[in-house]
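Right, one structure below, let's go through it.
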Amino acid sequence: MEEELHHHKAKEYQSSGVVPFWPEHLLKEMVVGFTALLTLAIFAHFNPAPLGPPADPGDWAFQPAPDWYFYFVQNFFDVGGYYWSVLGLTNLDWVLMFLIPVLGIALFYAVPFIDRYPERRLLKRPLMLGLMLFGIASIGYFTANGVYNHDYLVAHEPINILQTSCENCHQMGNAGNTSGVYRLPDGQYIYPPPLTHVGSIMSPDQIRRQLVSPVGGMPNLGLPPAAVEYLVNYLSQQK
Ligand code: HEC
């Protein structure tokens with residue numbers, strides 16, 4: 001009976017030009033999936049990826065960074081987090097970090113139920129094609145942005161960060177603001193000391209503290225931790 005039913009169904013499918021999900025569709029997917037997995041396993045066995053250094057909980061300057069192909073995830077949260085805080089939503093971080101990604105993934109699973117349009121040619125499905133291209137473009141954008149941000153920190157020597165972020169206020173040797181005074185946008189005057197010999201006046205810890213939670217009218221520049229460490233290292237050598 002069941003055989004017959006299946007047979008009947010198969011005929012019906014054939015005459016309507018529809019491919020049944022099982023076994024035609026799913027079986028093929030499984031074969032491809034297992035082949036890919038097996039290939040990967042064999043490759044990994046003969047060409048094992050090296051491990052990084054063991055985790056060091058005492059290394060607080062450690063910059064967690066994903067492998068480049070996940071930069072887009074990190075950068076999405078970096079950029080998203082920035083605008084989130086601009087919108088004053090910092091105490092709703094869980095919406096950005098949890099709810100939005102989970103809803104996004106749920107939506108992926110829901111696509112076959114929402115989009116039941118039988119047309120298979122891409123050009124006849126502008127909405128889905130558009131969404132897909134938008135997704136790919138977004139991943140490309142956030143990856144590129146992530147590479148840029150990463151390279152920015154790696155490539156920018158402390159001396160460059162000093163020039164772009166500090167020397168409008170501070171004197172550094174013959175460079176920078178040699179007047180010893182700086183006028184803030186609100187009209188208030190502050191008196192940034194020269195940093196030329198700061199390494200003989202301040203310990204690395206004191207320099208770090210001034211950068212992370214500045215006192216005396218110096219603004220908090222919101223430097224990324226890696227930049228702070230570059231600067232602490234460089235400045236404490238300026239004796
Ligand atoms: C808008 C002006 C301004 C900018 C920009 C600025 N600072 Fe300052 N900085 C100050 C002022 C004012 C002080 C003096 C604080 C005080 O009186 O205790 C100061 C103090 C310091 C000190 C302590 C120096 C000492 O001798 O007491 C360090 C170190 C320092 N800044 C480093 C930096 C670095 C590095 C940057 C760039 C990443 C930077 N500052 C950017 C205004 C600025």
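Each value in this text was obtained by applying a stated rule to the coordinates, not by laboratory testing. Since the model is a prediction, treat every value here as computed from it, not as a measurement. Note that each Cβ is placed from the backbone with ideal geometry, even for glycine, and that neighbours are counted across all protein chains shown.
Brief remarks on what is shown
- Across the chain, the mean sequence separation of Cα contacts (distance under 8 Å, 6 or more residues apart), normalised by length, yields a relative contact order of 15 percent.
- Estimated FRET transfer efficiency when R0 is 41 angstrom, pair S213-V73 (beta carbons, to 0.05): 0.85
- For segment 66-155, the Cβ-based charge dipole about the Cα centre amounts to some 600 debye (Lys, Arg positive; Asp, Glu negative; other atoms uncharged).
- Each label point was placed 7 Å from the Cα along the Cα-to-Cβ direction; for Q237 and E29 their separation is 5.6 nm.
- Label reach from H45 (point 7 Å along Cα→C-beta): in segment 16-38, amide nitrogens under 11 Å belong to 38.
- By definition, a body whose alpha carbon gyration tensor gives a ≥ b ≥ c is prolate when a/c is 1.5 or more and a/b is larger than b/c, and segment 103-239 fits this prolate description.
- Relative contact order computed over segment 158-235 (Cα-Cα under 8 Å; 6+ residues apart), in percent: 27 percent
- The eigenvalues of the Cα gyration tensor, multiplied by 5 and square-rooted, give segment 70-111 an equivalent ellipsoid with semi-axes of 20, 13, 7 Å from largest to smallest.
- A helix-only calculation puts the chain at -17500 deg cm²/dmol for mean residue ellipticity at 222 nm, using -39500 (n - 2.57) for each DSSP H run of at least four residues, averaged over all residues.
- The packing ranking, built from the mean of other Cβ atoms within 10 Å per residue, places the peptides 218-225, 87-94, 159-166 in the order 159-166, 218-225, 87-94, highest first.
- Checking every one of the trypsin sites (Lys or Arg not before Pro) in segment 74-165 against DSSP loop status and a limit of 14 other Cβ atoms within 10 Å picks out R116, R120, R121.
- Label-point gap, in nm, between S200 and I114 - each point 7 angstrom along Cα→Cβ: 6.6 nm
- Enclosed volume per residue, in Å³, of the convex hull spanned by Cα atoms of the chain: 238 Å³
- For A175, no residue has an amide H sitting under 5 Å from its own, ignoring neighbours fewer than 5 places away on the same chain, with H placed 1.01 Å from N.
- Legend: helices of the chain (whole DSSP H runs) are marked when their alpha-carbon atoms reach 24 angstrom or more along the helix axis and their mean Kyte-Doolittle hydropathy is at least 0.0; marked are 26-46, 126-155.
- For segment 66-155: rounded, prolate or oblate by the Cα gyration tensor [a/c cutoff 1.5]: oblate
- In this calculation the C-beta distance from Q188 to I159 is compared with R0 = 22 Å, giving a FRET efficiency of 0.15.
- Charge dipole magnitude, Cβ of K and R +1, D and E -1 - the chain, Cα centre, debye nearest 20: 500 debye
- With an a/c value of 1.5 or above and a/b larger than b/c for the gyration tensor axes a ≥ b ≥ c computed over the alpha-carbon atoms, segment 158-235 is described as prolate.
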